[in-house]
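Enquirer: I'd like to ask you about the structure that follows.
Values quoted throughout were computed directly from the atomic coordinates according to the rules given, and no laboratory measurement underlies them. Keep in mind that what you see is a predicted model, and the values were worked out from it rather than measured. Reconstructed Cβ throughout: ideal geometry from the backbone, glycine too, with neighbour counts over all protein chains shown.
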Amino acid sequence: MEFTIKVNGASQVVDVDPDTPLLWVIREELGLTGTKYSCGIAACGACTVHVDGEATRSCVLPIEFVGQSEITTIEGLSSDRSHPVQQAWLEIDVPQCGYCQSGQIMAAAALLEENPNPSDEEIKETVTNLCRCGTYNRVLKGIKRAAELKATA
Amino acid sequence: MTQQQIFELDRRTFTKLAGGAAGGLMLGVTFGCSDQGQKLQGPPVTINAYIRISPDETITLINPAEEMGQGVRTAMPQILADELDARWDQIFVEQAPLDLAYANPGMARPAQRTSGSMSVRYYFTPLRQVAAAARDMLVRAAAEQWGVVAAECETKDGFVIRASDGAKLSYGTLADAASKLEPSDNPPLKSPDQFTLIGQSLKSVDQLKKVDGSLEFTIDIDLPGMLHAALAITPVFGGQLASYDESEALKVKGVRQIVPMKDAIAVVAERYWQAKKALDLVQVTFEGGDSLGLSTEAIYADLREGAEQEEGITFRDDGNSKELLQASQQVIEGTYVVPYLAHASMEPLACVAKLEGETCEVWTGTQSIQAAARSVARFLDVPTEQITIHTGPMGGSFGRRLGADLEIRAVEIAQAAGAPVKVIWSREEDIRHDYYRPAVAAHFAATLDEQGFPEALDLRIATYAMGPPRGGRADSRVVGSMSDMVYHIPHVRFGYVQREQPIPVGSWRSVARSHNTFFSESLIDELAHKAGHDPLDYRRALIKETPRLLAVLELVAEKSEWGTALPEGHGRGIAATPCFDSFVAHVVEVSVFKGELTVHKVINAVDCGIAVNPDIVVQQIEGAMIQGLYAALHNEITIENGAVVESNFHDYQMLMPWEMPEVETHIVQSGELPGGIGEVGTPALAPALTNAIYAATGLRIRTLPISGHELS
Ligand code: FES
Ligand code: FES
């Protein structure tokens, strides 16, 4: 079945089964592999993208429910790593293996849109992405730093 | 010191390898700000097996260690660039191809392997030697050009400089002439006070690609004409495919074929999602299996019985603990049990294979390129030369990718499909088909002297080994860390009881120490409390002969204000261990209220010798410590009727952000040669944590995970 979806500002036509999760449409039809698969059951956040600005776990969102929503993936967050979250991540050297980091960054970016100055508690309750390498404290620090960068931008 | 840092380097290491160095997967990325790849103005010049210098001044390190998040793509070139006197922003890194010239000098039998925290630990001196050899050749080339003696030249920032007048020749312009010179024997190495890059917290390589999603993991690889496969392996270990009905699955759009294997079935489709969806529609039955009927209860009972009632193989026996324990009326004893653990890397297992005629190419994240190549060659019954393994970064591994099970699966499926295939393990398959950290039981019996210090100790561990007993000797991957237990106890006996079980086991972060440090650091704590001693003072008295361990212990004690009063319901626990030639200690502070455990703070101290990149050292200690933390809190692989019960992150949990304690890490600068770092933070965390729970509640946790206990 054909679907026309809006990803990173461009309309894309894909021909997939209606139950195909957005994650696999992004990765396999559009070739945007920055969005990762890890659990497939909305338990880890590696597949986080923005759907109309909201952090969404794309592994459990069938394409048929996406409609005309604006999708943003890590590739569309900025073209040059200039997003404050990416800048803060580089400054603090957050990633270890890096596999969970696209999801972390997308979740962080969505949080800061909604709440430009989140408390530690708010961060921990909102950015619930898992990291097997254990970068949690740097993720927290990174979000705080990104909030500062954003405020002064 | 047990460290062996004097290596006889293979002569080939200093020479250009025929066809080797340029053949691997090109993973070169720049450090610093630019990420544009090499802009060559002429062909790069191979100086030796590890170093290529281009006319455009870029220098490529052929990196022998695989990256899985532990920072070797940063630390290794840092070592090399320092000794070469190169600028950091001119260094590129490329992964070594299959060639024993890159074998890890720490391996008893030559092999390229990234495990056991052995990269910086064992390549530190060899990398410096190859860099010093290259620098020496560049200097001699410049001296020749200038008509001066080499002693009149120095090197800095990628240039050879003539001392008399400061004239400069760049490495790029000298490379060709230098490569034609014979390497000298043992060119001198820098002294540590001359280090410029070693010891700096340089930003990790590949970070740019890790923040914009462009770093390509194996799961992201796409080849022309590549198909995708989803896999279901028999849930019972050793089971076999009995029957299957593919009719419904074949109706799914994009599905090309069903591939039956001896113990598994795969669906091959144009897209992974199609394959995965169709796999659920295959009516499949498996039969038999070696683990059929087995449960974790039976396993734990068997291990407990082994540890408590059998003597096993004695692998250390000092003094006469047996007689003393038999004669004593006041034996303190207890049994500890730890569960199977999965690796559950964030990137699920994935592998790409492509066969063409007699040759086979494999794209994989592996800790052991040799094992992958040899196993695939054996499977295809072709010479190893016909196999090319392209290695790439791993989204975690922790010991999982040491074997070659994933590569063989991918090759078998690609062979059946007649096209390049990428196989992705679903998370469920990944967790249910691991090589697990073995379940282990330990029984200890001890007596104390008049001052309350241990006089005799008998400690036996029972487990399922990673291989058959070799000539009656205990498997070092299981007992390794026991035999070098550092506490001064006059009479000790360590025994190893080996049981057979068909559950596949393998190395997990910190290998034997992941369980043995829990046993030893818990039982020492038990004995300290029994004797009425402070657990810190008790350890101080028993490790006098290991000053580096004592130093990290003192440091965490100081930073945690050990001994000061804590609020009601709170407790501090301490633990320390040597680990892969490094030394680590933790103090954990917890509270328990109405049965609810909160981990407030963890203070780490490490002495890893020269910290090549202190910030990565901190990252690794904290990351490994957190892995130790959530494993101790939550993780257990259970078996029911021969199959693994857990399947995904809902029942095999990582840490949730709100469980994250405050963390502080301190590095002791001992100046010794580098020890390991990737695994060092894991083993002593669990006992520091359970010792803290004891301090807070009086409850001694002898079985993990902690989530299995009522803490009220
Ligand atoms: S892959 Fe979507 S939440 Fe884990
Ligand atoms: S950085 Fe490796 S899983 Fe998060």
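Enquirer: Based on the alpha carbon coordinates of region A:2-75, what radius of gyration and maximum Cα-Cα distance (Dmax) apply, in Å?
Expert: Using the Cα atoms of region A:2-75, the pair Rg, Dmax is 10.8, 29 Å.
Enquirer: Then there's this: Between residue B:677 and residues 5 or more places away or on another chain, which pairs have amide H atoms under 5 Å apart, with H built 1.01 Å from N, and which residues are they?
Expert: The list, which skips near neighbours in sequence, is empty: none.
Enquirer: With charges only on Cβ, +1 for K and R and -1 for D and E, what is the dipole size of the protein assembly as shown about its Cα centre, in debye, rounded to 20? Each step should come with its number before you reach the end.
Expert: Values: 72 positive and 113 negative charges, 259 e Å.
With Lys and Arg at +1 and Asp and Glu at -1, about 1240 debye.
Enquirer: Let me ask something else about it. Any chance you could list P(r) for the protein assembly as shown, counting all Cα-Cα pairs in 20 angstrom bins from zero, rounded to whole %?
Expert: With 20 Å bins starting at 0, P(r) equals 15, 46, 34, 6, 0.
Enquirer: I would also like to ask the following. What are the aspartates and glutamates whose alpha-carbon lies under 13 Å from the alpha-carbon of residue B:422, with same-chain residues fewer than 8 places away excluded?
Expert: In chain and number order, the partners are A:28, B:220, B:222, B:270, B:361, B:407, B:412.
Enquirer: Right, something else. With an 8 Å Cα cut-off and a minimum separation of 6 or more residues, compute the relative contact order for chain B in percent. Intermediate values should be presented prior to the final figure.
Expert: Details: 1622 pairs, mean separation 94.4, N = 712.
Normalised by residue count, the contact order of chain B is 13 percent.
Enquirer: What trypsin sites (Lys or Arg not before Pro) does region B:410-452 have in DSSP loop regions with at most 15 other beta carbons within 10 Å? Could you put the intermediate results ahead of the total?
Expert: Values: sites: B:422, B:427, B:432; in loops: none.
Here no loop site has a sparse enough neighbourhood.
Enquirer: Could you work out, residue by residue across B:343-353, how many beta carbons of other chains sit within 10 Å of that residue's beta carbon, and then give the average as an integer?
Expert: Numbers: counts 1, 4, 5, 16, 9, 7, 0, 1, 0, 0, 0.
Average per residue, whole number: 4.
Enquirer: Around residue B:259, which amide H atoms from residues at least 5 apart in sequence, or from another chain, sit under 5 Å from its own amide H, with H modelled in the peptide plane?
Expert: B:266, B:267, B:268
Enquirer: Still on this model: Once phi is turned into θ = phi - 60°, what whole-Hz ³J(HN,Hα) does the Karplus curve with 6.51, -1.76 and 1.60 give for every residue of region B:285-294, x standing for Gly and Pro?
Expert: 10, 10, 9, x, x, 6, 9, 3, x, 7
Enquirer: Further question on the same structure: Rounded, prolate or oblate, given the Cα gyration tensor of region B:152-260, with a/c below 1.5 counting as rounded?
Expert: Details: a/c = 3.35, a/b = 3.18, b/c = 1.06.
In terms of gyration-tensor shape, prolate.
Enquirer: Pop out the ³J(HN,Hα) list for region B:169-176 in order, Karplus 6.51 cos²θ - 1.76 cosθ + 1.60 with θ = phi - 60°, rounded to Hz; leave Gly and Pro as x.
Expert: Karplus-based 3J(HN,Hα) across region B:169-176 equals 10, 7, 4, x, 6, 8, 4, 4 Hz.
Enquirer: Would you work out which of B:399, B:684, B:363 lies farthest towards the positive end of the dipole of the protein assembly as shown, given +1 charges on the beta-carbon of Lys and Arg and -1 on that of Asp and Glu, about the Cα centre?
Expert: Result: B:363.
Enquirer: Using helices alone, I'd like the mean residue ellipticity at 222 nm for chain A: each DSSP H run of four-plus residues gives -39500 (n - 2.57), total over residue count, nearest 500. The partial results should precede the final answer.
Expert: Numbers: 5 runs with 51 residues, N = 153.
Taken over chain A, the calculation gives -10000 deg cm²/dmol.
Enquirer: Suppose every Lys and Arg Cβ carries +1 and every Asp and Glu Cβ carries -1, with no other charges. What dipole size does chain B come out with about its Cα centre, to the nearest 20 debye? Present the calculation step by step, with values, prior to reporting the outcome.
Expert: Details: 60 positive and 92 negative charges, 220 e Å.
My answer is approximately 1060 debye.
Enquirer: Tabulate in residue order the Karplus-calculated ³J(HN,Hα) for region B:421-438, using 6.51 cos²θ - 1.76 cosθ + 1.60 with θ = phi - 60°, rounded to whole Hz; enter x for Gly and Pro.
Expert: Running phi through 6.51 cos²θ - 1.76 cosθ + 1.60 with θ = phi - 60° gives 10, 10, 9, 10, 6, 5, 3, 5, 5, 4, 6, 8, 10, 9, 10, 6, 4, x Hz.
Enquirer: In Å, what Rg and Dmax follow from the Cα atoms of chain B?
Expert: 27.1, 84
Enquirer: My understanding is that a pair violates if its Cα-Cα distance is over 32 Å; which of A:150/B:156; B:180/B:209; B:251/B:354 do that in this structure?
Expert: Working: A:150/B:156 40 Å; B:180/B:209 37 Å; B:251/B:354 26 Å.
Where the Cα-Cα span goes over 32 Å, the pairs concerned are A:150/B:156; B:180/B:209.
Enquirer: Also, quick follow-up: Kirkwood hydrodynamic radius, computed over distinct alpha-carbon pairs, for region A:84-152: how many Å, to one decimal? Walk me through the numbers on the way to the answer.
Expert: On the way: mean 1/r = 0.0865 Å⁻¹.
Here the Kirkwood hydrodynamic radius works out to 11.6 Å.
Enquirer: List every residue whose amide H lies under 5 Å from the amide H of residue B:91, counting only residues 5 or more places away in sequence or on a different chain, with H placed 1.01 Å from N in the peptide plane.
Expert: It is B:31, B:59, by chain and number.
Enquirer: Please compute, for the alpha-carbon atoms of region B:88-194, the extent along each of the three principal axes and give them in descending order in Å.
Expert: 49, 31, 29
Enquirer: With bins 10 Å wide starting at 0, give me the P(r) of region B:561-712 over every alpha carbon pair, in whole percents.
Expert: 11, 38, 32, 16, 3, 0
Enquirer: Looking only at other chains, what is the average number of their beta-carbon atoms within 10 angstrom of each beta-carbon in A:38-49? Show your work: numbers first, answer last.
Expert: Working: counts 12, 12, 8, 6, 2, 8, 6, 1, 4, 0, 0, 0.
If you average over the peptide's residues, the count of other-chain Cβ atoms is 5.
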